[in-house]
Amino acid sequence: MLVQVIISGITSGAVYALIALGFVMIYKAAGVMNFAQGQIVTLGAYFAVTLRDHMEFSYAASFLSAIFATGLLGVVLERLLFRPLIKAHESSVIIATIATGIILENVIRLVWGSEFYPFKTPFGVTAIDVGFALVTPQELWIFGITTALVLLLYGYFEWTKHGLAMRAVAINQTGSALMGINVGRVFSASWGINSALGAAAGILFAPLLAVTPVMGNAVSTSAFAAAVLGGAKSLPGAIVGGLTLGVVENLVGFYVSTALKPLLSFTLIIAILMVRPTGLLGREEIKKV
Amino acid sequence: MTSRIAFVGAIIAVGCLPFAADQYVLYLATLTAIYLMIGFSLNLLLGYTGQISLGHAGFVAIGAYASAILTKHSGLGFGLTAAFGAGLAAAVGFLVGLPALKVRGYYLALVTLAFGEIIQVSIRQAKSLTGGNDGLNVVAPQIPGLALSRPHTTYYLLWVLALFSFLAVRNVVRGRTGRAFACIRDSEIAAQAVGISVTRYKLYAFTLSALLAGLAGAMYSILNQYIHPDDFDFSRSIAYLMMVVVGGLGTLAGSAIGAVLLAVLPEVLRRFQDYQELVFAVLLLGSIIFVPQGIIGLGRYLAR
Amino acid sequence: MALLNVDQLSVTFGGLQAVNQLSFQVLPGHIHGLIGPNGAGKTTVFNVITRIYNPDSGRISLLDQNVLGLEPHEVAAAGITRTFQNVELFQNLSVLDNVLAGQHTRIRYGMVASAVGIRRVRQEEDRATREALQLLELVKLRSVASHAASSLPFGQQRMLELARAIAVRPKLLLLDEPAAGMNSRESAELSELLRMIRAKFGLGILLVEHDMRVVMNICDRVTVMQYGQKLFEGTPYEVRSSPEVIEAYLGKKRSSTPR
């Protein structure tokens, strides 16, 4: 039974890791924490469910289209709303992303209504016996896709020019600009990737949660906690944090009480920031005076 | 000079309103006094000291529930129970200020967000004490000689509290403490260099801000004589942000404008109740991007 | 007794030795220059004195008080304050408020007193404001007292930061490259101003500076740093003529035999 709990913990952990990766990426590249993350996750799921159940797309097609559409939305949001705020005080950006998230959530509610949309998994529901536990095809799919996306992301950073540019901007914006890197485009790209990853997470999670206007919020809060746990500027940290939090959450939910699960993320955030703000894998930054 | 005239004018208007207005307008005006307190509270923390607070409704909740529960179990007068609510909120504010010493910006936003949600969950879970999701009926507290269930008395009482709070906050803001707050907002390192203890003043800011919010909560609890966790959720915290941002951060007059806006807007949008949160968020976003100085800033700019 | 005594100060960052066994003294009433090529560790010394960084070893005392035992915000009350390389003003405050902020440790009332509004508050504020306006007069910024600090041109911002630092009434004033970006007329004016401030307020000045005109003009003594260590120390004239200093700045002389 314990193994079972851990496995579903890894599954949700994988989804958290996906969202946390996008979250950390924006924070590293643009210095912004995206508090509209939850609503972007939700939006991705809505796009997919609409394409699939109302426009007869296949699962694969709706998955890809929804990710692309949400990613594009992320880019648009960056250009329209957050680019003008580059020079503003941090609290302005924080408030702007929160307000954007609320606007997105309300728009979702207006367009799609407040009832929930079930999202059927494209695979069967019969669990597969992998020897030490039972795993559903959806859980395997989640883990597989997450691994694939993480590898893609790794390849992007290590081997493409754009990925290198993003890494440069994350280290030093002014220096990168002086080297001819279009910093604005990097910002847009980071928002685009963040939104695409968030959408993927939403679609992967949808069969487990059902699609509602608030489905992305709780998941994203856990992802925030995971990012902080791993180190908000550490991409490997996002993965480690996500998986760890997923497992711990499930253990707490199973052995203590499910009502405490949301409380766990919040308490964890405060605790980590008090004790070790840079998280497990993060490094401290020193401001030069 | 104009501000002094405006101030006196406002006091006269507030004093005379009950004789000219119906029940409903009176209710909104009483609510405005409460929002004014919250506006001062949040402005002090965010506008003057530059510390973001995404869970401010949590402090209001503590004040509301603490004073309501104390009244219920002890029958003490409103003065004492409100002071208790405000004091407890202040103590919690101090505790929330402690992480603020170590983290800033986005991390602080996360901490305050987490705080607000922890309060929410706690209130809903502690059913036996708070009534949980059923809400809590608030006994009309006693002030010797006054029967508080009459809307007029409540109105004047809350506005007197709001007035004294305004005077206190204005004095603090204009003096050495307020200057220290603003210095911390503008440059912590320079603040240290001139001898301002960033630690001490950040804790002052959080404690004082929470005190005011807690008092506002106690005031809120006697308004409808019923409180519910939904009155203090994240949506409310955002509404409070909207109030101070759209009104004008860093100015007390801005809080006043924001308070009126927050009280009146839901009424204007009564038909479009579903759109209320959307309108708030759009106002907030629009203000941050296009009119960061708020309505007050816009007014000053146009006056030049 | 020395005003400032820096004794065997060593500071490392990660693997980098920024300051290495540095010792020097600033005598009362002196303007003491701290010069050296970029990366020599000068600003690091400032940052340790003002307690932004912790040293690995060494001692620093102001008269007979141990500076290293102080918290960053206690340094001002102890009698040391500074200006910054990249001006750190309170941008959203008025020019006057910036100087009033400098008087924070010398204005005597607390938060509760100001909330209640006792008479003392008014008295202290009036006194402080009069003093602040006089300081602004000194740096020729009195006419813009009510303007936002952010609206000032860079040169005036530097002067404002100087006025704010003086408002602290320090015993020792640390100035980080005050003449940077100034032309010869401006730096001459600055030299005069610093001499006047030293005389009028009876303070010592420790000056990090690259502009040799200012250094040679007003410094009583100069400490030259290189690679975190003291290379040479003496009067401006001695420094100017020292072969080691010349070599540090200009490189080794190739050959002295004429061809």
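The values are calculated or read from the model by the stated rules, or taken from the named source; none is laboratory data. These numbers come from a predicted model, not from an experiment. Cβ sites come from the backbone with ideal geometry, for glycine too, and all protein chains shown count toward neighbours.
C:L70 meets the conditions (1) more than 7 Å from every other protein chain (Cβ to nearest Cβ); (2) within 13 Å of the chain's Cα centre (by Cα); (3) on the phi < 0 side of the Ramachandran plot; (4) not hydroxyl-bearing (S, T, Y) in every case but one. The failed one is (2).
Criterion first (part of a helix (DSSP H, G or I), surrounded by 17 or more Cβ atoms within 10 Å (Cβ to Cβ) and within 14 Å of another protein chain (Cβ to nearest Cβ)) does C:T81 satisfy it?
Values: part of a helix (DSSP H, G or I): no; surrounded by 17 or more Cβ atoms within 10 Å (Cβ to Cβ): yes; within 14 Å of another protein chain (Cβ to nearest Cβ): yes.
In short, no.
Tell me, please, whether a residue that is touching a Cys at 6+ places or on another chain (Cβ under 9 Å) and of a type in the set (A, V, I, L, M) can be found in the range C:207-223. Before you say what the answer is, go through the steps one by one.
Filtering the range C:207-223 down to residues touching a Cys at 6+ places or on another chain (Cβ under 9 Å) leaves C:207, C:209.
The next check asks that each one be of a type in the set (A, V, I, L, M); those that pass are C:207.
Within the range C:207-223, one or more residues are touching a Cys at 6+ places or on another chain (Cβ under 9 Å) and of a type in the set (A, V, I, L, M).
It is to be established whether one or more residues within the range C:12-24 are surrounded by fewer than 17 Cβ atoms within 10 Å (Cβ to Cβ) and within 14 Å of chain B (Cβ to nearest Cβ). The answer is no, given that none of the residues of the range C:12-24 is surrounded by fewer than 17 Cβ atoms within 10 Å (Cβ to Cβ) and within 14 Å of chain B (Cβ to nearest Cβ). Residue pairs whose Cβ atoms lie under 7 Å apart, sitting 6 or more positions apart in sequence or on different chains, and linking a residue in the range A:80-109 that is farther than 19 Å from B:E277 by Cα and in contact (Cβ under 8 Å) with a residue 60 or more places away in the chain to a partner that is outside any helix (DSSP H, G or I) and aliphatic (A, V, I, L, M), are A:F82/A:V32; A:V93/A:V32.
So, B:V246, is that one more than 21 Å from A:A96 (Cα to Cα) and β-branched (V, I, T) or not? Answer is no for this residue.
Conditions (1) part of a helix (DSSP H, G or I); (2) modelled with pLDDT under 95; (3) of a type in the set (A, V, I, L, M, F, W, C), marked per residue:
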| residue | (1), (2), (3) |
| --- | --- |
| B:I62 | yes, no, yes |
| B:H73 | yes, yes, no |
| B:T81 | yes, yes, no |
| B:A86 | yes, no, yes |
| B:A90 | yes, no, yes |
| B:F94 | yes, no, yes |
| B:Q120 | yes, yes, no |
| B:R124 | yes, yes, no |
| B:A140 | no, yes, yes |
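In the set (1) surrounded by fewer than 21 Cβ atoms within 10 Å (Cβ to Cβ); (2) assigned to a helix (DSSP H, G or I); (3) out of contact with any strand residue (DSSP E or B) (no Cβ under 8 Å at 6 or more places or on another chain), A:F123 fails one condition alone, (2).
For the range A:73-81, indicate whether the set of residues that are of a type in the set (D, E) and within 14 Å of chain B (Cβ to nearest Cβ) is non-empty. For the range A:73-81, residues of a type in the set (D, E) and within 14 Å of chain B (Cβ to nearest Cβ): present. Within the range B:22-52, the set of residues being more than 16 Å from B:G254 (Cβ to Cβ) and within 14 Å of chain A (Cβ to nearest Cβ) comprises B:Q51, B:I52.
Quickly run through the range A:159-172 and pick out the residues that are without any contact (Cβ under 8 Å) to a residue 24 or more places away in the chain and of a type outside the set (K, R).
To start, the set of residues in the range A:159-172 that are without any contact (Cβ under 8 Å) to a residue 24 or more places away in the chain comprises A:159-161, A:163-165, A:167-168, A:171-172.
The answer is A:W159, A:T160, A:G163, A:L164, A:A165, A:A168, A:I171, A:N172.
Within the range B:16-46, the set of residues being free of Cβ contacts under 8 Å to residues at least 12 places away in the same chain and of a type outside the set (A, V, I, L, M) comprises B:C16, B:F19, B:D22, B:Y24. Annotation: of all residues in the range C:108-122 being more than 7 Å from chain B (Cβ to nearest Cβ) and under 14 Å from B:V173 (Cα atoms), the one that is modelled with the highest pLDDT is C:R122.
Please determine, by comparing only the residues of the range B:111-136 that are on the phi > 0 side of the Ramachandran plot and touching a strand residue (DSSP E or B) at 6+ places or on another chain (Cβ under 9 Å), which one is nearest to the other protein chains (Cβ to nearest Cβ). Please lay out each step first, then the result.
Narrowing the range B:111-136 to residues on the phi > 0 side of the Ramachandran plot: B:131-132, B:135.
If we keep only those that are touching a strand residue (DSSP E or B) at 6+ places or on another chain (Cβ under 9 Å) as well, we get B:131, B:135.
Numbers: B:G131: 17, B:G135: 19 Å.
The extreme case among them is B:G131.
Whether any residue in the range C:127-143 is more than 13 Å from the chain's Cα centre (by Cα), free of Cβ contacts under 8 Å to residues at least 24 places away in the same chain and either part of a loop (DSSP other than H, G, I, E, B) or within 14 Å of another protein chain (Cβ to nearest Cβ) (or both) is what I want to check. Steps first, please.
Our first condition is that a residue be more than 13 Å from the chain's Cα centre (by Cα); within the range C:127-143, this holds for C:127-143.
Among the residues that remain, those that are also free of Cβ contacts under 8 Å to residues at least 24 places away in the same chain are: C:127, C:130, C:134, C:137, C:140, C:142-143.
If we keep only those that are either part of a loop (DSSP other than H, G, I, E, B) or within 14 Å of another protein chain (Cβ to nearest Cβ) (or both) as well, we get C:127, C:140.
Yes, the range C:127-143 contains at least one residue that is more than 13 Å from the chain's Cα centre (by Cα), free of Cβ contacts under 8 Å to residues at least 24 places away in the same chain and either part of a loop (DSSP other than H, G, I, E, B) or within 14 Å of another protein chain (Cβ to nearest Cβ) (or both).
The criterion of at least 3 residues that are within 13 Å of chain B (Cβ to nearest Cβ) is met, among helices (runs of 4 or more DSSP H) falling completely within the range A:179-289, by A:215-230, A:261-275.
Is it the case that B:L203 is away from every other protein chain (no Cβ under 14 Å), in a helix (DSSP H, G or I), touching a helix residue (DSSP H, G or I) at 6+ places or on another chain (Cβ under 7 Å) and not small (G, A, S)? Give the derivation first.
Working: away from every other protein chain (no Cβ under 14 Å): no; in a helix (DSSP H, G or I): yes; touching a helix residue (DSSP H, G or I) at 6+ places or on another chain (Cβ under 7 Å): yes; not small (G, A, S): yes.
No: the conditions fail for B:L203.
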